[in-house]
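Participant: Structure in C-alpha cells, see below.
Throughout, read-outs are computed from the coordinates displayed, never taken from laboratory work. Computed from a prediction, not measured in an experiment: that's the story for all the values here. Cβ placement follows ideal geometry from the backbone for every residue including glycine, while neighbour counts extend to all protein chains displayed.
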Ligand code: HEM
C-alpha cells in the first residue's frame, strides 16, 4: 500500500471526515469568543466556507470524469456527499448566527429584500437536498432523486449570487468563484449535450 492510499484509507472513515469538515466551524466559534476578531468574522467565514464546499462538491464529478486514472479517484467520489452536507451545515451556522443577532423586524423584512430573498430560497433548496441525501431516500425516490439533486446547481447559484451581492460584487471573489461556477455549469451542459447526441 503506497503513502497516498494509506492517508486516504485513514481519512475514509466517516468520523474522521466529519471531524475534518467540522474543525473550521469549531475554530471560528472559538476565535470569535476568545480572540475578539471583527464582530462579523464567524458570520463572514461560515458564509464563504459554505460557498466553497458547494463549489468543491460540484467539481468532483468533472474532475473524476476527466482524470480517470488519478490516484484516490474513488475516494474523491465518495466525498461528494460529505462536502454537499457541509455546505448545508455551514449555511445553517451562517444563518443561525445572523438570526440570533438580528432584531426580529430585520428578520421579517429580509423576505422582501432581494439579496436575502435569494438566500432564503437557497436555504430551502439545500434543506431539501440534505434531508434526501440518505440511502433510504435514494431507494424510495428512484429517478426523482436525481432530478432533485440537479437543484444543487440552482441552489449554489443563488448562494453565490447572494454572497457577491451582499458584498457589492468584490472583484476577486466574483471573478474567481463565479468563474469556477460558470465553468462547472458549462461542463454540465456539454456533458448533457454529448449524452443526448450519443443516445
Ligand atoms: C450558500 C449560501 C450562502 C453563502 C455562500 C453566503 C455568504 C455570505 C457572505 C460571504 C456574506 C457577506 C458577509 C459580510 O458582509 O461579512 C453574506 C451576507 C449575509 N448573509 Fe449569507 N450566505 C449564504 C446564505 C445565507 C442564508 C441562507 C441567509 C439567511 C437568510 C443569509 C443571510 C445573510 C445576511 C443577513 C447577510 C448580510 C447582508 C447585508 O449586510 O445586507 N445568507 N452571506
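Participant: I want to verify the translational diffusion coefficient of the stretch 1-108 in µm²/s; compute it with Stokes-Einstein, Rh as the Kirkwood radius over Cα pairs, at 25 °C and 0.890 mPa s.
Facilitator: Values: Rh = 15.7 Å.
Diffusion coefficient, whole number: 157 µm²/s.
Participant: Continuing with the same structure: I'd like the FRET efficiency for residue 153 and residue 29, computed as 1/(1 + (r/R0)^6) with the beta carbon distance as r and R0 of 22 Å, rounded to 0.05.
Facilitator: So, using R0 = 22 Å, E works out to roughly 0.15.
Participant: Report the dimensions of the chain along its three principal axes from the alpha-carbon atoms, largest first, rounded to Å.
Facilitator: 53, 41, 39
Participant: Pairing the Cα long axis of helix 73-101 with the longest principal axis of the chain, what angle in degrees results, from 0 to 90 and rounded to the nearest 10?
Facilitator: Between helix and principal axis, roughly 10 degrees.
Participant: Can you tell me how much longer the chain between residue 171 and residue 135 gets when fully stretched, taken as 0.36 nm per residue apart minus their C-alpha distance, in nm with one decimal? Don't jump to the answer; show the numbers that get you there.
Facilitator: Numbers: separation 36, 0.36 × 36 = 12.96 nm, distance 4.01 nm.
Separation in residues times 0.36 nm, less the Cα-Cα distance, equals 8.9 nm.
Participant: For q values of 0.25, 0.28, 0.30 Å⁻¹, compute log₁₀ I(q)/I(0) with the Debye formula on a Cα-only model of the stretch 120-169, without solvent.
Facilitator: -0.87, -0.99, -1.07
Participant: Starting from the Cα of residue 145, step 7 Å along the direction of its Cβ; do the same at residue 188; then give the gap between the two resulting points in nm.
Facilitator: Distance between the two pseudo-spin positions: 1.9 nm.
Participant: In Å, what Rg and Dmax follow from the Cα atoms of the stretch 67-136?
Facilitator: 16.6, 55
Participant: Where Rh is the Kirkwood radius over the Cα pairs of the stretch 54-172, the temperature 10 °C and the viscosity 1.306 mPa s, what D in µm²/s does Stokes-Einstein return? Don't skip to the end; give the middle numbers.
Facilitator: Numbers: Rh = 16.0 Å.
For the chosen part, D equals 100 µm²/s.
Participant: If each of residue 6 and residue 111 carries a label point 7 Å out from its Cα toward its Cβ, how far apart are those two points in nm?
Facilitator: Label-label distance for residue 6 and residue 111, simple model: 5.7 nm.
Participant: Report, in deg cm²/dmol and to the nearest 500, the calculated mean residue ellipticity at 222 nm for the chain, where each DSSP H run with n ≥ 4 adds -39500 (n - 2.57) and the sum is divided by the residue count.
Facilitator: -26500 deg cm²/dmol
Participant: What's the angle, to the nearest 10 degrees (0 to 90), between helix 114-131's Cα axis and the longest principal axis of the chain?
Facilitator: For helix 114-131, the angle is close to 50 degrees.
Participant: Mean separation of Cα pairs under 8 Å and 6+ residues apart, divided by the residue count of the chain: what relative contact order is that in percent?
Facilitator: Averaging sequence separation for qualifying contacts and normalising by length gives 21 percent for the chain.
Participant: Give the calculated FRET efficiency between residue 120 and residue 77 to the nearest 0.05, with a Förster radius of 35 Å applied to their Cβ-Cβ distance.
Facilitator: Efficiency for this residue pair is about 0.65.
Participant: Please give the helix 14-34 orientation as an angle from the longest Cα principal axis of the chain, in degrees from 0 to 90, rounded to the nearest 10.
Facilitator: Roughly 20 degrees, rounded to the nearest 10.
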